[in-house]
Amino acid sequence: MTGLILFGGFLIMLVIGVPIALALGVSTMVTLYYIDMPITVVGQRIFTALDSSSIMAIPFFVLAGNLMTHGGISRRIVDFAQSLVGNVKGGLFYVMIIACGFFAALSGSAPATVIAIGAMLYPDMIKRGYPEQRSAGLLAVAGGLGPIIPPSIIMVVYGTITSSSIGDLFKGGLVAGIMIALVLTVICVFLAYKENWPRSDEKMTLAGIYGGLKRAFLAVMLPVIVLGGIYSGLMTPTESAAAAVVYAFIIGYFVYKELDNQKLYEVIVSSGKGSAMVLFIIATSTAFSWLFTYAGISGDLIELITSMNLSATTFCLLVAIVLLVFGTFLEGIATCVLLVPLLWPVAQSLGINVIHFGLIVSMSNVIGTMTPPVAVNLFAASSVTHLKMGSIAKGELPFFVGFVMVFLLFVLVPWFSTALI
């Protein structure tokens with residue numbers, strides 16, 4: 001009965017449009033009242049959830065991403081990507097993939113990647129005769145590299161929940177991101193000739209590449225500093241995120257001089273709002289998950305799945321399906337903090353590697369950003385391209401299939417997740 005009240009209340013509030021964080025918190029308080037426990041427990045669990053140095057990486061990465069977007073860093077990355085491609089057929093599609101990959105290594109956010117790269121590339125692509133739907137569709141999918149290529153906010157959240165190595169998660173994400181980018185490139189090569197996409201005007205030359213790298217060098221150095229600090233052991237993910245903020249501020253304000261006081265104020269305010277939303281969801285979902293475990297529902301779930309004699313691979317497939325379904329109507333962070341505390345103990349009992357399971361969680365949540373109704377990548381792409389979400393969803397189909405194929409490969413073959421560990 002406790003589980004019915006907890007989940008039933010949560011689902012009812014979601015249906016009537018209550019924000020996710022409030023729905024989690026209120027359903028937890030109602031259930032506590034039902035089992036005659038003080039609702040002050042919710043406040044205690046919220047404090048415990050946020051009293052973590054690892055969690056502080058999230059607002060730092062959000063702020064760093066916004067500073068990069070408004071400080072001229074992302075534009076220089078796009079220019080450098082263009083110098084690498086040259087005048088091949090469909091060249092700007094490859095530029096988009098490369099630029100999204102670079103920006104993903106700076107922001108850790110899918111919608112931020114979509115908006116930053118799309119705002120600069122999409123108008124130019126349409127002006128040069130590239131198909132609108134395909135361009136917007138690739139933007140929505142390539143933007144999904146944001147939470148895969150490290151640093152990744154979703155991986156920070158998962159690592160905090162499971163007490164696993166965020167650095168090792170980042171290594172797995174690096175392999176996944178490169179594979180996804182390669183698959184998207186192969187699909188673009190095929191579609192470029194099938195749909196007769198135009199060529200870029202610029203030729204690839206060593207002088208052009210050198211000039212592009214020279215202009216973008218300080219921007220490209222940012223992921224080197226962040227990831228190098230983590231992998232070398234000199235900095236924790238939170239410290240590297242703070243270093244990224246300082247570096248992005250110095251470059252945008254003093255070197256590129258594209259950040260002024262007014263723009264800086266707007267960046268700080270928007271970053272604060274975005275971070276608060278994510279942290280509020282994490283805080284209330286932690287109380288929700290604690291009650292789930294306290295009431296014995298988690299133990300019952302483990303016993304049920306164990307009695308089914310599922311293999312580790314079958315369980316991973318089942319989890320992937322569940323996460324994909326949840327991802328169609330829940331935001332990725334919410335899905336992670338809601339389901340990981342419930343599913344990870346079961347995965348652990350089956351001997352599943354914590355990094356492998358983390359890649360499954362992270363990649364499935366990214367796929368959720370591309371699938372309606374809660375498709376933040378489609379919303380972000382729509383805001384940049386002014387196309388309807390249905391048109392973008394139609395244009396993204398071949399790229400989406402490629403992304404899902406890589407995801408299934410990671411689900412079925414744990415080696416890909418742990419290859420660099």
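Provide the per residue accessible area, probe 1.4 Å, for the chain, rounded to a whole number of square angstrom.
With the other protein chains kept in place, the chain gives 41 Å² per residue.
With a Cα-only, solvent-free Debye model of the chain, what are the log10 I(q)/I(0) values at q = 0.11, 0.12 Å⁻¹?
With no solvent term, the Cα-only Debye profile gives -0.82, -0.97.
Got a sec to turn the phi values of the stretch 91-106 into Karplus ³J(HN,Hα) couplings, 6.51 cos²θ - 1.76 cosθ + 1.60 with θ = phi - 60°, whole Hz, x for Gly and Pro?
Each residue's phi maps through the Karplus curve to give x, 5, 5, 5, 4, 4, 5, 5, 5, 5, x, 5, 5, 4, 6, 10 Hz.
To the nearest whole percent, what portion of all C-alpha pairs in the stretch 74-181 is separated by more than 23 angstrom?
Details: 1597 of 5778 pairs.
Summing the P(r) of the stretch 74-181 above 23 Å gives 28 percent of all pairs.
Roughly what angle does helix 261-294 make with the longest principal axis of the chain, taking Cα atoms, 0 to 90 degrees, to the nearest 10?
Between helix and principal axis, roughly 30 degrees.
Tell me, what HN-Hα J-couplings in whole Hz come from the Karplus equation 6.51 cos²θ - 1.76 cosθ + 1.60 at θ = phi - 60° for each residue of the stretch 205-220, using x for Gly and Pro?
9, 4, 5, x, 5, 4, x, x, 5, 4, 5, 9, 4, 5, 6, 5
With θ set to phi - 60° and the Karplus curve 6.51 cos²θ - 1.76 cosθ + 1.60, what are the ³J(HN,Hα) couplings of the stretch 179-193 in order, to the nearest whole Hz, using x for Gly and Pro?
Ordered by residue, 3J(HN,Hα) equals 5, 5, 4, 5, 5, 4, 5, 4, 4, 5, 4, 5, 6, 4, 8 Hz.
Show the residues, 5+ positions off or on another chain, whose built amide H is closer than 5 Å to the amide H of residue 199.
90
If contacts are Cα pairs under 8 angstrom and at least 6 residues apart, what is the relative contact order of the chain in percent?
After rounding, I find 26 percent.
Starting from the Cα gyration tensor of the stretch 84-137, take the square roots of the eigenvalues, sort them a ≥ b ≥ c, and report rounded, prolate or oblate (rounded when a/c is under 1.5, otherwise prolate if a/b is larger than b/c, else oblate).
In terms of gyration-tensor shape, oblate.
Got the relative contact order for the stretch 303-372 handy, in percent, Cα pairs under 8 Å and 6 or more residues apart?
50 percent
Among 38, 341, 111, whose mean-square fluctuation peaks in a Gaussian network model of the chain (Cα, cutoff 10 Å)?
Comparing 38, 341, 111 in the GNM, the peak value goes to 38.
Using the alpha-carbon centroid of each, what span in Å lies between the stretch 137-194 and the stretch 231-261?
Going from one Cα centre to the other spans 22 Å.
Please report, in whole Å, how far the alpha carbons of the stretch 321-365 spread along each principal axis, starting with the longest.
So the three principal-axis extents are 30, 17, 16 Å.
Using a 1.4 Å probe over the heavy atoms of the protein chains, calculate the carbon and sulfur portion of the accessible area of the chain as a whole percent.
Solvent-exposed carbon and sulfur of the chain make up 69 percent of the total.
What value, in deg cm²/dmol to 500, does the helix sum -39500 (n - 2.57) over DSSP H runs of n ≥ 4 give at 222 nm once divided by the residues of the chain?
Computed mean residue ellipticity for the chain: -25500 deg cm²/dmol.
Give me the angle, in degrees from 0 to 90, between the Cα long axis of helix 389-412 and the longest principal axis of the Cα atoms of the chain, rounded to the nearest 10.
The answer is roughly 70 degrees.
Can you tell me the orientation of helix 2-15 relative to the chain, as the angle in degrees between its alpha-carbon axis and the longest Cα principal axis, to the nearest 10?
Orientation of helix 2-15: about 40 degrees from the principal axis.
Return the equivalent ellipsoid semi-axes of the stretch 113-267 as a descending list in whole Å, where each equals the square root of 5 times an eigenvalue of the C-alpha gyration tensor.
Over the Cα atoms of the stretch 113-267, the ellipsoid semi-axes are 30, 22, 16 Å.
I need the peptides 248-256, 143-151, 162-170 ranked by packing, meaning the mean over residues of other C-beta atoms within 10 angstrom, with the highest value on top.
143-151, 162-170, 248-256
The values are calculated or read from the model by the stated rules, or taken from the named source; none is laboratory data. The structure presented is a predicted model; accordingly, all values stated were derived computationally and were not measured. A quick note on method: Cβ atoms are made from the backbone with ideal geometry, for glycine too, and the neighbour counts reach across all protein chains shown. Surface areas here come from the heavy atoms of the whole protein model, side chains and all, with no ligands, DNA or RNA. Shrake-Rupley method; radii C 1.70, N 1.55, O 1.52, S 1.80 Å.
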